[in-house]
1. Rounded to the nearest percent, how much of the accessible area of the stretch 2-296 (1.4 Å probe, protein heavy atoms only) is carbon and sulfur?
2. For every other residue with a beta carbon closer than 9 angstrom to the beta carbon of Ser73, add +1 if it is Lys or Arg and -1 if Asp or Glu, then tell me the sum.
3. Under unit Cβ charges (Lys, Arg +1; Asp, Glu -1), what dipole magnitude, rounded to 20 debye, does the chain have relative to its Cα centre?
4. Would you pull out the residues with amide H under 5 Å of Phe109's amide H, same chain only if 5 or more places away, H placed 1.01 Å from N?
5. Given a Förster distance of 22 angstrom, what is the FRET efficiency for Tyr78 paired with Glu160, based on the Cβ-Cβ distance and rounded to 0.05?
6. What size of dipole, in debye to the nearest 20, comes out for the stretch 64-138 about its Cα centre when the only charges are +1 on Lys and Arg C-beta atoms and -1 on Asp and Glu C-beta atoms?
7. Can you list which of the chymotrypsin sites (Phe, Trp or Tyr not before Pro) found in the stretch 41-109 are DSSP loop residues with at most 11 other C-beta atoms within 10 Å?
8. Which of the helices in the chain meet the span-like rule: DSSP H, Cα axial reach of 20 Å or more, Kyte-Doolittle mean at least -0.5?
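The values are calculated or read from the model by the stated rules, or taken from the named source; none is laboratory data. Being a predicted model, the structure only gives us computed values, none of them experimental. Cβ: placed from backbone, ideal geometry, glycine included. Neighbour counts: every protein chain shown. What goes into the accessible areas is simple: the full protein's heavy atoms, side chains included, and nothing from ligands, DNA or RNA. Shrake-Rupley method; radii C 1.70, N 1.55, O 1.52, S 1.80 Å.
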Amino acid sequence: MEKNSKYDVVIGLEIHLESKTKSKMFCSCLNDADERRPNINVCPICMGHPGTLPQINEEAIDNIIKLGLALNSKISNYTKFDRKNYFYPDLPKGYQISQFDYPVCREGFLDFKTEKGVKLVRINRLHQEEDAGRLVHASDGTSMVDFNRAGLALIELVTEPDFSSAEEVINFAKELQLIARYLNVSEANMEKGEMRIEVNLSLKEKGERELGTKVEIKNLNSFKTIEKAIAYEIERQAEILEEGGTIVQETRGFNDAKQITISQRSKEDSHEYRYFPEPDLPPLLISEERIKTLKGRIPELPQGKRLRLEGEYGLKDPKTIEVFVQNKDFAEYFEKVATEVLNWMQHKRIDKEKYFDLIKLEANYLTSDLLGLANGEIIDFSEKIIPENFAEFIVLIHNGEINSKIAKVVLKDMYDLKKDPTHIIEDKGLKQLDDEKEIDKIIESVLESNPSAISDYKNGKLASFQFLIGQIMAKSKGKINPDKAKEVLSRKLENI
Ligand SMILES: [Zn+2]
């Protein structure tokens, strides 16, 4: 990047999100992402037969309004649809119904975290359109078209050119993906093409006000690809500018095999699409009442959840918070256990001020040990351990009734056998040794049978201390609290 440091990188995004609706945008064909048979969900309307009339899918309009509201946008009371004309084999009508000058949502923004702090990106618009079909290229050189996807409700989001790095682009896209999932308006899975990102990138000399010529990059089907394509494109454009050349305004595709961007075609200006108002659809009017109702249906969003987990439960570690924010079900389990922890605290008369300590312990055991038992996969944990039992387990650790070593054994049994921790501890005789005399006896007998370790220790070999602790823990079957064992052992060694 050093040779490019004389340039500022300017990036804007166009993102398509497949809207989660029962049927297509303008007909009643099913929206079924799992349909493997080609051309099953098709009808004369989405095939563009003459004489058919489209009808607006209100569920799709609700979705785009909700997403617009979550992205702090203004929702238009008056919107309309337009025809975007182009010819491509996957477009049966020869045009796409889209929105040109009156999009549903305008002037939004999204702020999100980056390495340098919080970044705000302005969103120019969100408009409603329909998807094209899918071309399937067979190995024998023939191409086929599958129209199952043709006419699905598609949301297009256009940002202002506010990004200056791949990291910002990816963090924005990930946050948007999470918001779409929280709202249940799109699965936004990039690998499945439910979220498609186009990057518009240009360079300008530092301090220069005017933007450089932008190049559009397509075919980006993962966050990794976006990162690579941006890095490659910055290098390519900088090299051209360094040599005194000019950047051609064009569309380039990222070639995965070669890891480079390749020119596909010169970029069309909007007039080349010959937009005109869709004559078969009336303008779409969106009432304030509808907007208000939808606003009321917006659930807690990722950023709200982050702040609440911190405020309500005292969680401090951003990584732990993120595990819960990324997984709604896991967060729900965490909160259920936390409620039960409070019940157990009252029951066991634990000072309320200790609540955050216990919750921190809970969060740690959930995100490390419990997740470990499930091989890192987030499953329905309440099926394995009911929240009440997990809370009891946390209280037992907090009270020192079991140490961290025993805790691992107990948790595994809770997970495998679906039993409550107290019964497991009783059945297996795992209760921590509290009896001072008993502890004394065990340590004495270990010292008696290891005279050489004692003299080694006395001669300055500190490892012998750890060896003796190991012997003590083994003899007590892990039931002595290690801290307690260390304390008694040091005292005894001093007096020998
Ligand atoms: Zn149809």
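1. 50 percent
2. +2
3. 600 debye
4. Residues meeting the amide H criterion: Asn72, Ser73, Ile123.
5. Computed FRET efficiency for Tyr78 and Glu160: 0.45.
6. Dipole about the Cα centre, nearest 20: 220 debye.
7. Phe87
8. Membrane-span-like by this rule: 166-183, 223-242.
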